[in-house]
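Structure record follows, encoded as structure tokens.
The values are calculated or read from the model by the stated rules, or taken from the named source; none is laboratory data. Fair warning: this is a prediction, and the values are worked out from it, not measured in the lab. No Cβ is skipped: glycine too gets one built from the backbone with ideal geometry, and neighbour counts run over all protein chains shown.
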Amino acid sequence: MPLGCYKSAVLDAGNPGMDELLREALGEVAEATTIATVKDVEVRWLGKKGRLTSLLKELGGLPPESRKARGAELNSFKQAVEQAVESRRIEVTRAEADDRARAERIDPTLPGHSMAAGRLHPLTRIVAEVEDLFERMGFHILDYPEAEREYFNFDGLNIPADHPARDTQDTFYLPGGNVLRTHTSPGQVRAMRGLTPPFRAIFPGRVYRCEATDASHEHTFHQVEGLMIDRSVSIANMLSSMMTLLEGVFRRKVEVRLRPGFFPFVEPGFELDLRCMVCGGDGCPVCKRSGWVELLPCGLVQPNVIRAGGLDPDEWEGWAFGLGLSRLVMMRYGIDDIRWLMAGDLRFARQF
């Protein structure tokens, strides 16, 4: 704004020294081009240690008849500089905003930025499909700790103290009587203690084994446990549920075989094997050259496990299965090495 808008009151006082001082102050204000420099000028002239403060301190040494006129001059000077600073601050703020707007302006004629689409890990896909299949069959979807109490991982599942699975060469032991769960089967006891029978539930999750790794074995992998508790259950019903699962995941009929198997927490116990879909049954490292993949250990729940769950085995029966989700993923997508699933290699994930 013009200099005259701010200096008239001082100039009218007829003091050439104050006129020159005001011209100097307003000139510095006009030359300030940023908010920071405007602030510097304000402090230099109007601050506690500024030039105006120094002039005000001199009032005490003037004769009484001159003090009033000098004070009026200094007050007019202060008002003029304050108005100039405020006006300049508004101008600079507006100019800086205009500069930012021009710098950030979007040109609608420019081509857009391409956004790379993410991928769901194949394990995530299969877990979601398995949960959806069982949810539609009326199963609860439950989740339990990965750092598990030794009781739930072994004792409550009828696994004796001298069982080889409890050796440190197979199990990761933690302080305080805890372990990294070696299977999702602890969910059986926890579910029986937490739900009112009859019920059906699955417990998908990550498990850990202290073992050497190869194409079909990994120290960290995924399982899903299935459990049904009712007053009367059958192996036929268990097989029907498992076949519904497999055919739902593979979206076609699959070739399986059922053979006897021993597991301390089921009696009788079975192994449901799947014809290897990586090699078509010809034999490969995934199926250990046998043409079959061990996929679904299963059986009727052992009475001692039902007791550990707080139920009466004379009143309640159950069946359970443990599905190797990692191996199921390998069969679904033709993956020939289980170690790819936990490798964290983005090149692998991008294929799905």
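So, of the residues in segment 291-344 that are within 30 Å of the chain's Cα centre (by Cα) and among the charged types (D, E, K, R), which turns out to be surrounded by the most Cβ atoms within 10 Å (Cβ to Cβ)? Can you show your working first?
Here is the first cut: in segment 291-344, the ones within 30 Å of the chain's Cα centre (by Cα) are 322-344.
Within this subset, residues satisfying the condition of being among the charged types (D, E, K, R) are 327, 332, 336-337, 339.
On the way: ARG327: 24, ARG332: 16, ASP336: 13, ASP337: 16, ARG339: 18.
Checked segment 291-344; the qualifying residue surrounded by the most Cβ atoms within 10 Å (Cβ to Cβ) is ARG327.
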Which residue pairs have Cβ atoms under 6 Å apart, sit 6 or more places apart or on different chains, and have a first residue in segment 16-43 that is surrounded by 14 or more Cβ atoms within 10 Å (Cβ to Cβ) and a second that is of a type outside the set (Phe, Trp, Tyr) and not in a helix (DSSP H, G or I)? LEU26/LEU3; VAL38/ALA32; VAL41/ALA32
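Would you confirm whether or not segment 270-291 contains a residue that is within 26 Å of GLY310 (Cα to Cα), in the same structural domain as ILE338 (by TED's automatic domain parsing) and out of contact with any Asp or Glu (no Cβ under 7 Å at 6 or more places or on another chain)?
Narrowing segment 270-291 to residues within 26 Å of GLY310 (Cα to Cα): 270.
Still in the running and in the same structural domain as ILE338 (by TED's automatic domain parsing): 270.
Within this subset, residues satisfying the condition of being out of contact with any Asp or Glu (no Cβ under 7 Å at 6 or more places or on another chain) are 270.
Yes, there is a match, as at least one residue in segment 270-291 is within 26 Å of GLY310 (Cα to Cα), in the same structural domain as ILE338 (by TED's automatic domain parsing) and out of contact with any Asp or Glu (no Cβ under 7 Å at 6 or more places or on another chain).
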Selection from segment 177-197 of residues that are within 25 Å of THR213 (Cβ to Cβ) and of a type in the set (A, V, I, L, M, F, W, C): VAL179, LEU180
Looking only at segment 300-352, filter to residues that are part of a helix (DSSP H, G or I) and small (Gly, Ala, Ser); which one of those is nearest to GLU225 (Cα to Cα)? SER326
Can you tell me which residue is modelled with the lowest pLDDT among those in segment 154-202 that are on the phi > 0 side of the Ramachandran plot and among the small types (Gly, Ala, Ser)? GLY177
Name the single residue, out of those in segment 244-273 being acidic (Asp, Glu) and farther than 16 Å from TYR333 by Cα, that is farthest from the chain's Cα centre (by Cα). GLU267
Residue check, PHE199 touching a strand residue (DSSP E or B) at 6+ places or on another chain (Cβ under 8 Å), exposed (fewer than 14 other Cβ atoms within 10 Å of the Cβ) and farther than 28 Å from TRP340 by Cα: no
Of the residues that make up segment 164-176, is at least one surrounded by 15 or more Cβ atoms within 10 Å (Cβ to Cβ) and more than 20 Å from GLU211 (Cα to Cα)? no
Of the residues ILE141, ILE126, only one is of a type in the set (Val, Ile, Thr), in the same structural domain as ARG327 (by TED's automatic domain parsing), touching a residue at least 60 places away in the same chain (Cβ under 8 Å) and closer than 26 Å to LEU311 by Cβ; which? ILE141
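Just the residues that are of a type in the set (Phe, Trp, Tyr) and touching a residue at least 40 places away in the same chain (Cβ under 8 Å), please, taken from segment 294-343. Talk me through it step by step, then tell me what you get.
Residues of segment 294-343 of a type in the set (Phe, Trp, Tyr): 316, 319, 321, 333, 340.
Passing the criteria: TRP316, TRP319, PHE321, TYR333.
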Does ALA212 meet the test of being among the small types (Gly, Ala, Ser), assigned by TED's automatic domain parsing to the domain that holds PHE154 and free of Cβ contacts under 8 Å to residues at least 60 places away in the same chain? yes
Tell me, yes or no, whether segment 246-267 has at least one residue that is loosely packed, with under 15 Cβ neighbours inside 10 Å, in a helix (DSSP H, G or I) and modelled with pLDDT under 90. yes
Among all residue pairs at least 6 apart or on different chains, which show Cβ distances below 6 Å where the first residue, located in segment 72-98, is in a helix (DSSP H, G or I) and the second is surrounded by 15 or more Cβ atoms within 10 Å (Cβ to Cβ) and aromatic (Phe, Trp, Tyr)? ALA80/TYR6; VAL81/TRP45; GLN83/TYR6; ALA84/TYR6
Could you grab me the full set of residues in segment 54-84 that are among the polar types (S, T, N, Q) and surrounded by 14 or more Cβ atoms within 10 Å (Cβ to Cβ)? ASN75, SER76, GLN83
Inspect all residues belonging to segment 226-238 and state whether any of them is in a helix (DSSP H, G or I), surrounded by 15 or more Cβ atoms within 10 Å (Cβ to Cβ) and in contact with a strand residue (DSSP E or B) (Cβ under 7 Å, 6 or more places away or on another chain). yes
